[in-house]
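J.: Provided herewith is a single structure, encoded as C-alpha cells, for subsequent inquiry.
The values are calculated or read from the model by the stated rules, or taken from the named source; none is laboratory data. Predicted model only: the values in this text are computed from it and were never measured. Note that we place each Cβ from the backbone using ideal geometry, even for glycine, and neighbour counts take in every protein chain shown.
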Amino acid sequence: MTPHPILIDNILHNAIDTAMSYTAFYNMTSALVADNNTSGPVKSEERIQATKLNLQRLTRLNKTTQLLPEWSNLDITKTSNLQWVVITEAWCGDGSQLVPVINKVAEKLEISFKVVLRDSHPDLIDRYLFRGTRSIPRLICFNAETGEELGNWGPRPAEAQQLVDDSIAKGIPHDDWVINLQNWYNQNKTVSLQNELFSFVNDCLS
C-alpha cells in the first residue's frame, strides 16, 4: 500500500461522478457477454473470451464468497466513513477474482463502493501505476467526509504477485502463468486477499 495524502480533485471527482455500483458493473459485464463484446477500446477476441470467463467467476464468487470472522471485529461506525473506488475492466482476470470479494467486504463494513473503468479514465490510472504499468485492479480509499485519500491497494495479493514475478523471471510463457495464477486464486479461496484487505482497512483507519 502506498499512501497519497491528497484530496479529491477534478480528476477524481470526474471518475467518481461516472463510477458505477458493483451491481451495475456486473450487469454491464453480463450485457457485454450477451453482445459478444467487452469493455474498453480494444475489442480483441482474447479480451472478449476473457470477459465471458470473468462473468462466470463474478457469478461464482458472488454466491460462494465467505468472509473471514475477523471482519466482525471492526467498528462499522468508523468504516462507514470510508469510500472505496476500484479501477478495473470487464476483461481483467485479476479483477474478476478480486472485485466481487472487495464488494462483499464493503457491504459488510458499510463502505461506499464504486467501480471505475480504467480505459475511460487514463488520467486516474496514471496516478496509480504499478511498476510503471496500468495494472488493475487498483483499490483507492478515501475519507468520505473530508475527501482525503487514505491509501491504495493492488493489483493483486502479494503471494499472487510473487507467483507472477517468479514466472516471468523463469521465462514461463504468459498464457501458462495466467493459468497458474487463476489456479492459485481458486485454491487460495480469497484468504490472502481478505487478510491483506483487513490490514489495508486498519491502516486507513489509523
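J.: Only one of these conditions is not met by PRO41: (1) farther than 21 Å from GLN97 by Cβ; (2) in contact (Cβ under 8 Å) with a residue 60 or more places away in the chain; (3) in a helix (DSSP H, G or I); (4) not aromatic (Phe, Trp, Tyr). Which number is it?
T.: (3)
J.: Follow-up. Show me the helices (runs of 4 or more DSSP H) entirely contained within segment 138-206 in which 1 or more residues are crowded, with 17+ Cβ neighbours inside 10 Å, aromatic (Phe, Trp, Tyr) and in contact (Cβ under 8 Å) with a residue 60 or more places away in the chain.
T.: Details: elements: 158-169, 174-188, 191-205.
Qualifying helices (runs of 4 or more DSSP H): 174-188, 191-205.
J.: Another question, then. Is it the case that GLY132 is over 14 Å from the mean Cα position of the chain (by Cα) and small (Gly, Ala, Ser)? Steps first, answer last, please.
T.: On the way: over 14 Å from the mean Cα position of the chain (by Cα): yes; small (Gly, Ala, Ser): yes.
It is true that GLY132 is over 14 Å from the mean Cα position of the chain (by Cα) and small (Gly, Ala, Ser).
J.: For LEU53, only one of the following conditions fails: (1) closer than 28 Å to ASN202 by Cα; (2) touching a helix residue (DSSP H, G or I) at 6+ places or on another chain (Cβ under 9 Å). What is its number?
T.: Of the numbered conditions (1) closer than 28 Å to ASN202 by Cα; (2) touching a helix residue (DSSP H, G or I) at 6+ places or on another chain (Cβ under 9 Å), the odd one out for LEU53 is (1).
J.: If I go through segment 58-114 residue by residue, how many of them are under 9 Å from the mean Cα position of the chain (by Cα), within 19 Å of ASN183 (Cα to Cα) and not hydrophobic (A, V, I, L, M, F, W, C)?
T.: Residues that pass the stated criteria total 5.
J.: Can you tell me how many residues within segment 14-29 are among the hydroxyl-bearing types (Ser, Thr, Tyr), part of a helix (DSSP H, G or I) and in contact with a Ser or Thr (Cβ under 9 Å, 6 or more places away or on another chain)? Reasoning before the result, please.
T.: Initially, segment 14-29 is screened for residues among the hydroxyl-bearing types (Ser, Thr, Tyr), giving 18, 21-23, 26, 29.
Of the ones still in play, those that are also part of a helix (DSSP H, G or I) are 22-23, 26, 29.
In the following step, the residues that additionally are in contact with a Ser or Thr (Cβ under 9 Å, 6 or more places away or on another chain) were identified as 26, 29.
Number satisfying all stated conditions: 2.
J.: Name the residue that is farthest from ASP126 (Cα to Cα), counting only residues in segment 67-96 that are crowded, with 17+ Cβ neighbours inside 10 Å and of a type in the set (D, E, K, R).
T.: Across segment 67-96, the extreme among qualifying residues is ASP94.
J.: Test each condition in (1) closer than 30 Å to ASN143 by Cα; (2) at pLDDT 95 or above for ASN54 and report the one that comes out false.
T.: That leaves (1) as the condition not met.
J.: Filter segment 9-34 down to the residues that are closer than 19 Å to GLY93 by Cα and without any contact (Cβ under 8 Å) to a residue 24 or more places away in the chain and list them by number.
T.: Across segment 9-34, the qualifying residues are THR23, ASN27, ALA31, VAL33, ALA34.
J.: Continuing with this model, one more query. Return yes or no: is VAL99 at pLDDT 95 or above, of a type in the set (Val, Ile, Thr) and in a strand (DSSP E or B)?
T.: Values: at pLDDT 95 or above: yes; of a type in the set (Val, Ile, Thr): yes; in a strand (DSSP E or B): no.
Judged against the criteria, VAL99 is not a match.
J.: To continue, here is another question. Would you confirm whether or not segment 45-62 contains a residue that is in contact (Cβ under 8 Å) with a residue 12 or more places away in the chain and part of a loop (DSSP other than H, G, I, E, B)?
T.: No - not one qualifying residue is present in segment 45-62.
J.: Could you tell me how many of the residues in segment 103-127 are closer than 26 Å to LEU74 by Cα, of a type in the set (A, V, I, L, M) and outside any loop (DSSP other than H, G, I, E, B)? Outline the logic, then answer.
T.: Initial filter on segment 103-127 (closer than 26 Å to LEU74 by Cα): 103-115.
This time we only want the ones that are of a type in the set (A, V, I, L, M), so: 105-106, 109, 111, 115.
Going one step further and asking which of them are outside any loop (DSSP other than H, G, I, E, B), we end up with 105-106, 109, 115.
Qualifying residue count for the region: 4.
J.: When segment 47-64 is examined, which residues are found to be among the β-branched types (Val, Ile, Thr) and surrounded by fewer than 17 Cβ atoms within 10 Å (Cβ to Cβ)? So that I can check it myself, show each step before the final result.
T.: Looking only at segment 47-64, we keep the residues that are among the β-branched types (Val, Ile, Thr), and these are 48, 51, 59, 64.
Hits for segment 47-64 are THR59, THR64.
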